[in-house]
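Structure first, then comments.
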Amino acid sequence: MGRKRAGTQRTILFLLAVAVGALIVWLAGCDKIASTFRSLRKSTISKTEHVPPRAPSRAGEGPKLAILLDDLGSDPAAAEAIFALRQPLTISVLPFHAHSTEIAEEAGEHGIQVMLHLPMEAVGNTLPEPQELHVGMTTAEVAAEVSAMLGSVPTAVGVNNHEGSSATTDSRLMAELMPLLKQKSLYFVDSRTTAATVALDAARQAGLRCGSRNVPFLDDVEEVGAIRKELELAMRGAEEKGAAIAIGHPHKETLEALREMLPKIKARGVRLVYVSEVVR
């Protein structure tokens, strides 16, 4: 009887030991699972925290204002003053001037877009450029002239007319020019130096990405106060139309007014953009 009781006790102790061992193994497994879960959660959180945010949609970023500064090419200091603004501005460079190529190439290093300021015949033509497009040129002459001018401004991605109050009214000349620009994947902006211009219509007929100055010139009056008022009108034009192209020049007064107005442009929710962003 005593031996039977002792055997029973050993069996119970054995079963208890097995149960305790199983419990220890089970608890260790639970801890490992919990640890793995915590690790995975931490990793997931960490990855979530380091994923860069998606770029916001451009659709709701407000009206666009493209400011185009003409007549660069002779004065490196004027170009440097524009570069120092550190804004998405566009410059238009006259060909064959002393610093045309230098300014055009340096502009890209400063995030400035470059256009060819293509000289064209004006009514009266009192101060013509040495080389320009004029009424009566043949197709071959237009092609040769444009190629040479682009060679002088090698980083140009678009073209606008310098002067041209006579040339831009000539349907034949514009019909010769626009397909050439299309072949070179350039866009065109009509500076609208005359109300009688047909340049924009010709560009559209050629299937060219194009646009036109659709607010007043910024600096017909070279005074800071007057230019500020024109910048106000340009902002209003952008707000009303959704996008505007304003044209000015690298005068000291123009750049001073622009520098002063930059905070106001931003506060108004008007976005400065390159000309290429508003042509269609």
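The share of Cα pairs per 10 Å bin across the stretch 172-237, counted from zero up to the longest distance, runs 21, 38, 24, 17, 1 percent. In order along the stretch 208-221, the Karplus-derived 3J(HN,Hα) couplings, from 6.51 cos²θ - 1.76 cosθ + 1.60 at θ = phi - 60°, round to 8, 5, 8, x, 8, 4, 10, 9, x, 4, 6, 9, 4, 9 Hz, and Gly and Pro are given as x. Computed with a 1.4 Å probe over protein heavy atoms only, the accessible surface of the stretch 207-280 comes to 47 Å² per residue. For the peptides 224-230, 179-185, 234-240, 89-95, residues were scored by their other Cβ atoms within 10 Å and the scores averaged per peptide; the highest-first order is 89-95, 234-240, 224-230, 179-185. Each Cα pair under 8 Å and six or more residues apart adds its separation to the average, and for the stretch 163-268 the resulting relative contact order is 22 percent. Highest average first, the peptides 251-258, 64-71 ordered by how many other beta carbon atoms sit within 10 Å of their residues are 64-71, 251-258. Within the accessible area of the stretch 146-270, the carbon and sulfur atoms contribute 48%, probe 1.4 Å, all protein chains present. With protein chains left intact and a 1.4 Å probe, residues in the stretch 70-146 average 43 Å² of accessible area per residue.
Taken over the stretch 88-152, the percentage of Cα pairs per 10 Å bin, counting from 0 up to the bin with the maximum distance, is 20, 45, 28, 7.
The values are calculated or read from the model by the stated rules, or taken from the named source; none is laboratory data. Keep in mind it's a predicted model, so treat the numbers as computed, not measured. Cβ coordinates were reconstructed from backbone atoms using ideal geometry, including for glycine residues, and neighbour counts include every protein chain displayed. Side chains included, ligands, DNA and RNA excluded: accessible areas come from the protein's heavy atoms. Shrake-Rupley method; radii C 1.70, N 1.55, O 1.52, S 1.80 Å.
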